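The values are calculated or read from the model by the stated rules, or taken from the named source; none is laboratory data. The structure displayed is predicted, hence computed values, not measured ones. Cβ placement follows ideal geometry from the backbone for every residue including glycine, while neighbour counts extend to all protein chains displayed.
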Amino acid sequence: MRNLIIFIVFILLAAISYLLISDIELFSDKKEELKDFAIEDTAAIDMIFISKLNGENVTLTRRNSKKWLVNGEIEARPDAINLILKTLHDIKVQQNVSQKGIPRVLKRMATSGTKVEFYMGKDKAEKVWYIGDPTASRVGTYMLLEKDGKKSSKPYVTHMLMERGYLGTRFFADQSLWRDRVLLKTNPKEIKSIEVLHKNDSLTSFRINKLDTVAFTIQNLRTSEVFNLNTNKGIEYFKLFNGVYYEYLDVKTPISELDSIYNSHARHQVKIELANGKKMELKTFNIPVVAGSKVGDQIIDYHPERMYAYSTTMAREDHPIVQNLTFDPLVPGFKAFASSTNVEK
C-alpha cells in the first residue's frame, strides 16, 4: 500500500512538472525563436512586474508619480531601478542553448524561475522575460523571451558586455529589499545646527552651529568652550547628511529582543535642526553578540562592524542596521575638528 501511494505521488509530481514545462515549451504554433530581449527606450518603461514561483511578487511603477514606487506605496531604491533599466537596455544574447540542454533549462525555469514583465504605458506587457539559472561558469544567464503574447520556442544564454555575473539577482520580489535604504536625507544648506552626543564611547560630544553660509562655530560639550570652525570643514561635515543610508532591515530578530535593544542607552545620538525649525534625530545602538564571542584573542560584548539605527524619518517598526565603516564619519568626536578651530569665542 505504501509503495502504491509513493508511486501515485511520483506520477502526480511528474504530471505537474510536465504541465509547467509545457507552459513554457509549447509557446506557439509557429515556434518563433525570439531573442531581442533589450528595449532601447527604457525611459518609456513605466511599470515592471516581478514574480516568483513561490508566490512573491512586486509591482514597480511610475505611471502616476515622477518617482518609482513599490506596490504604489513606498519609494523604490533608485540604484536597483537604474540597474534593472541598464540591464534591459544593454542585455545581449551570448549563445544558443544546446538542443540537448533545452529540456533541462526549461524544467528549471518552470520550477524555480523568475518572471519579469515590462510595460510602456499600456495594460499589455511590451516584453516578458523568464529568467532561469546561471550557466555553469556563472557568466551567463538562461533566459526566455515573450513578446506580443507569444513565447519563444527556445531559451538563450544572455549576458551584458563588459560585465560578468548572473543577471537574475537584480530582479528580486521581496518588497523590503526594494525600499530606498535612506535613513535620513536633507539639504545641507538648510541645516542650522548638528549636535553629536556620545553615550558609551570615550569620544567628546560637540555641537556645530552655522551662523551664516560661510561662518560656523563648534562647541565642546564636555568643557562648554566655543570656537570658530573652519568654513570648509563645516560645509564638508554638513554635506555628509545629504543622504544617510542603512545596509538592511532586521526582519528576523524577535520583537521582544529588538524592543530591549532600542530601549537601552544609545551609543550615538545626532540631533539636527533646520533653518525652518524642523528637527530630526538619529540614534545608534550596539548589536549584542553571544557571550564569550571574540575578535582575535579579545572578548567582545557587541558586534564590532554594525549597529542598529533609529531615525525620526522612518517608521518605529523598522529596525535598520548600519555599517560602522560608513556611519562613523557622521559621529566623530570633538578632537576630529580641533585642528580646524581657531579664535576662541
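A compact table of results
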| read-out | value |
| --- | --- |
| Qualifying residues in the range 234-290 (those that are assigned to a strand (DSSP E or B), buried (at least 16 other Cβ atoms within 10 Å of the Cβ) and of a type in the set (A, V, I, L, M)) - the one modelled with the lowest pLDDT | L249 |
| All positions within the range 257-296 that are without any contact (Cβ under 8 Å) to a residue 60 or more places away in the chain, within 13 Å of S193 (Cβ to Cβ) and touching a Ser or Thr at 6+ places or on another chain (Cβ under 7 Å) | E281 |
| Within the range 61-99, considering residues that are closer than 18 Å to S152 by Cβ and free of Cβ contacts under 8 Å to residues at least 40 places away in the same chain, the one nearest to the chain's Cα centre (by Cα) | S98 |
| Residue selected from the range 35-94 under the condition among the charged types (D, E, K, R) and more than 20 Å from M120 (Cβ to Cβ), by the criterion modelled with the highest pLDDT | K92 |
| Subset of the range 306-339 [in contact (Cβ under 8 Å) with a residue 12 or more places away in the chain and part of a loop (DSSP other than H, G, I, E, B)] | T312, T313, M314, D318, H319, V331, P332, G333, F334 |
| Test: residue in the range 307-329 that is more than 22 Å from V226 (Cα to Cα) and among the basic types (K, R) | yes |
| Every residue from the range 272-314 that is closer than 21 Å to V182 by Cβ and basic (K, R) | K278, K279, K283, R306 |
| Residue that is nearest to the chain's Cα centre (by Cα), among those in the range 208-226 that are in a strand (DSSP E or B), in contact (Cβ under 8 Å) with a residue 12 or more places away in the chain and surrounded by fewer than 19 Cβ atoms within 10 Å (Cβ to Cβ) | N209 |
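One line per residue, one yes/no per condition, for (1) in contact with a Phe, Trp or Tyr (Cβ under 6 Å, 6 or more places away or on another chain); (2) surrounded by fewer than 19 Cβ atoms within 10 Å (Cβ to Cβ):
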position: Q94; (1), (2): no, yes
position: S98; (1), (2): no, yes
position: K107; (1), (2): no, yes
position: A110; (1), (2): no, no
position: Y119; (1), (2): no, no
position: E126; (1), (2): yes, yes
position: G140; (1), (2): no, no
